[in-house]
Amino acid sequence: MLPKIRIISVIAFVFIFVLAVNYFYFYGAEIKQKEEMQQQSEYDNQKIRQLERAIDVMLTKINEYNLTLSLPPVQPTVPPTVPPTEPPTEETIKKMARDMVQGRLDPFDANNVITSKDMLTYFISNFNKNRKVLNADKFKLAPNHIPIVIRVFNKPQYFKVVLDFYRQVEGIEETMIIVSHDGIFKEMFDLVESIDFCQVRQIIHPYSSQVLSNRFPGKDPQLARERKDEDNGKPRNNNVTPLKHHFWWHLNYVWDVMLPEHKGDICLLEEDHLPSYDFYRTLLATRDLRNKECPDCFALQMQEPSFNGDTHDLGICPNIGNMGLTFDRRRWEILRGAGDEYCNFDDYNWDWTLQHMKSVNKIPGKYFFTCKPRIIHIGTCGIHGRDNNNCEVTKEQIDQYKARSDELKRDNAHDWSKYKIRDFMNTNNALHFRGYESWGQMDRDHCNNQKFDI
């Protein structure tokens, strides 16, 4: 029994000894680590105190020598000298104009702004000469067709409605619409490009007041001084006076440049002249009736506001109108032969100028017209507008225009096998009309001397 107790005692002693050794080993290591950390902390604190003393010494030295720490004065920077941009050469201008016309450059892109007079001249010249005929592969011109020439300004809200009505015109696919722009307005060009019901050509009036806004025929200070020096005459209106130039230019350009072989009639309209559904068929029929019933009548008109009548009534009167004026090359030669009277008469309106020419026997004084209008003037704003703050066409107005057209359909308006001619020649024919003036010497010189090759 006793030996077993001794063995157990020995084992217990050994176990307790091992525990004691481990305890003192790890405890001693921990104490040593704490001592080393304490020494490092004291070392760090010593370095910090040394740095603080060094900073104090430096600040003391700064104060002793009265040093100031300040930034050096800012020197103004002189931008580098940029050599002046060389004006584009004539060849560069011509190339840009060709690229714009052919679609490689967008003339409405802000990066391709056309500013110089030369650029405008070359661009318009290239545009007028080289612009392709739209829809030529879809429609063929009928023999003896009447081209419809529409002068447009910048009234897209009207032009869009008018084009929608043209799309419904019977026989419109047999002819061509020629659009003459008075200015470069993107929305107007987009509307022309959207026409898909007949052949289309477009040209730009090179002397528009929008294109040449700061020089003749636009707002040129010389024009105001010139007008003031004249014995009498109203001040020149820079916005409306160029319209008479446009009318004369586009007649010469269409007849001599675009349609040199065309012997028949052309019909003159504007962007806010809305056609009835039978407009074109009636135009063809009444053209033939004019030649038959009134060969000495100067022109055919699709609307004459002074006289009314039934669907198939035709009239002969001494007044010249401004909607749907239609005449052939023979009559154009008469008008062009009296060009000096057109250019020299002191009135900025082309229609009143023609009225004057008729009154002084420069052109024939009889006109053939449809008593029931086939053209409606829908514009209420613009050059002569009454309400420039409300240029939109309402749905109610469109419905009214459609109702008028439907009435003509019910009357079988396009059938002119039966008709009646009424004589209105005894009415007042406005002899000795004085004119509304606003047409100066520079206008007369330009009108008389302009060339029509651009």
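Would it be correct to say that C267 is in a strand (DSSP E or B) and modelled with pLDDT of 95 or more? Answer is yes for this residue. All conditions in (1) modelled with pLDDT under 95; (2) among the hydroxyl-bearing types (S, T, Y); (3) more than 25 Å from the chain's Cα centre (by Cα) hold for T241, with the sole exception of (3).
Against the condition under 22 Å from the mean Cα position of the chain (by Cα), within 18 Å of L325 (Cα to Cα), basic (K, R) and surrounded by 15 or more Cβ atoms within 10 Å (Cβ to Cβ), how does R151 come out, does it pass? Considered against the rule, which asks whether it is under 22 Å from the mean Cα position of the chain (by Cα), within 18 Å of L325 (Cα to Cα), basic (K, R) and surrounded by 15 or more Cβ atoms within 10 Å (Cβ to Cβ), R151 comes out as yes.
Residue by residue through the range 254-269, note down the ones that are surrounded by fewer than 22 Cβ atoms within 10 Å (Cβ to Cβ) and not β-branched (V, I, T). Residues satisfying the conditions are W255, D256, M258, L259, P260, E261, H262, K263, G264. Among the residues of the range 339-356, those identified as surrounded by fewer than 21 Cβ atoms within 10 Å (Cβ to Cβ) and out of contact with any strand residue (DSSP E or B) (no Cβ under 7 Å at 6 or more places or on another chain) are G339, D340, E341, C343, N344, W350, D351, W352. If the condition is being within 30 Å of the chain's Cα centre (by Cα), acidic (D, E) and not in a strand (DSSP E or B), then the range 333-353 contributes only D351.
The values are calculated or read from the model by the stated rules, or taken from the named source; none is laboratory data. Note that the coordinates shown come from a computational prediction; the quantities given were computed from them, not determined experimentally. Ideal geometry is used to build each Cβ from the backbone, glycine not excepted, and the neighbour counts take in all protein chains shown.
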